[in-house]
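None of the figures in this text is laboratory data; all of them are computed from the coordinates on show. Remember, it's a predicted structure, so these values are computed and weren't measured experimentally. Glycine gets a Cβ as well: all are built from the backbone with ideal geometry, and neighbour counts include every protein chain shown.
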Amino acid sequence: MNRVLIPLLLFFTVLEPLSATEPSRYDTLAYRLATKALSENTSYLLLHELCTTIGPRLSGSPEAAKAVDWTKKKMEAYGFQNVRLEPVMVPHWRRGTIEEGWYRANGKKAKLSIAALGGSISTPKKGLSAEIIEVRSWDELKRIGQDAKGKIVFFNRPMDRSLLHPGQAYGQAVDQRGRGAIEAAKYGAVAALVRSMTTQYDDTPHTGSMSYVDSIPKIPSAAVSTNDANMLSALLRDGAKVTVGLRLNCETLPDVESANVIGELVGTEHPSEVVVIGGHLDSWDKGHGAHDDGAGCIHTIEAVRLLKELGLKPKRTIRAVMFMNEENGLRGGIAYAGMNRPGERHIAAIESDAGGFMPRGFGVSDSATFEKIVRFARAFRPLGAETFVRGGGGADISPLTRQGVPSFGLNVDGQRYFDYHHSADDTIDKVSEREMAFGSAAMALLAYIIAEEGLGN
Ligand SMILES: [Zn+2]
């Protein structure tokens, strides 16, 4: 047995217990995909181009329209088939030019790092100011009740930084952002100020969507940086009376026609059986929207390009979809799933919307699908992406998941994701060239395996 083989065999033998799957014809494909993606560096270069030539792509904005055009042209340039736009009406909220926050306490006045939340109404032209009242739970708000009248409710329940998965901490805290303005207005508050959804302590406010209901008066709502949230909370704890002022001229304009962008690698044997692979093209208007979700869109385009360039012709159709409007409405995902597609059948949907970090594996929407796909986990080992878990998918493909389409979400090393999420820090310099390449290779491999093997559905 030659010297080269021994370490390889040792490698496989040692790891075998982790995911007992038999060898498959895909074991070497991961290498071919990864080495090509790494050497050509197209994943990073495409993302760099999207971020620096178009930038943030809020739904309804001119930049989002440019991104639709740009991705369509890229798909055409790479020879994708049936490249087309599927029109969808999307909301058009814009931040405006005025976004100011300040506080006054103990005779001192100073600026606050704030950002209007997506969907918020503006303040009066001159701004508004009021005493703040801090709450860390809905129960606490209920207990305060009418004491919130005429005040700004300061929602300051931090993301739990002790949780191993920051996504879980986000899931447990983001309700404050989504519903804060509604709940505060119920008690007559004049505005809502929400601690940024990050575990980082810094001066960067993190925006994101918020909502209103017609039966409750609408009040302005803004995120405040974690450093300023801690500072305001310390002042209150020391018994200071704290007044906060906000001046915002954000607004919601009429819906705009936009589109999902689609391109395909048509199947050779079962072209009407479709594997959707995608990410969302829109982003918040802070930073570049590099990790959220420029990375997922580029993973998608690059996955199909890599398969094409390697001369792979899958039995079933792989359809790349740039979904529009994930951040504040999900209109693209809903429109895609709601469209009548005679003679077609979705056999799977795969989404990347967790950032351009090192892939770790995939979350799978249901156990039956998990059992079918896990036998191929070994093939992902060279990419470090062999961890398949039950539970997963993606926001844009969730309407398909609800229709019973087996769904997959790319899982990555997400420890830094919420450091940048929905903020001015989500920029291309936070993205690693190599990690992007591995992510694209992992998306390509899964799409190809499913398009070849089917899922027996
Ligand atoms: Zn996203």
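Taking the C-alpha atoms only, the angle from helix 29-40 to the longest principal axis of the chain is near 60 degrees.
Label positions at Leu164 and Thr28, each projected 7 Å from the Cα along the C-beta direction, are separated by 3.6 nm. Beyond a 20 Å Cα-Cα separation, which of these cross-linked pairs lie in this structure: Lys73/Lys308; Lys125/Lys286; Lys108/Lys149? Over 20 Å apart, Cα to Cα: Lys125/Lys286; Lys108/Lys149. Find how many whole Å separate the alpha carbon centroid of the range 98-123 from the alpha carbon centroid of the range 29-62. Going from one Cα centre to the other spans 35 Å.
Which percentage, to the nearest 5, of the DSSP beta bridges contained in the chain is antiparallel? That works out to approximately 55 percent antiparallel. For the chain, the longest principal axis of the Cα atoms and the long axis of helix 5-15 meet at an angle of about 50 degrees. Here the peptides 385-394, 443-452, 339-348 are ranked by packing, the mean other Cβ count within 10 Å, and the order with the highest first is 443-452, 385-394, 339-348.
The phi torsions of the range 353-358, fed into the Karplus equation with coefficients 6.51, -1.76 and 1.60 and a -60° offset, translate into couplings of 8, 10, x, x, 7, 4 Hz, rounded to whole numbers, with Gly and Pro shown as x. Computed packing ranks the peptides 370-383, 208-221 as 370-383, 208-221, most packed first, by mean other Cβ atoms within 10 Å.
Between the Cα long axis of helix 226-237 and the first principal axis of the chain there is an angle of about 30°, rounded to the nearest 10. Here the Karplus curve 6.51 cos²θ - 1.76 cosθ + 1.60, taken at θ = phi - 60°, turns the phi angles of the range 261-272 into couplings of 9, 10, x, 9, 10, 6, x, 8, 10, 10, x, 7 Hz, with x standing for Gly and Pro. For the pair Lys218 and Arg416, the difference between a 0.36 nm per residue extended length and the Cα-Cα distance amounts to 67.9 nm.
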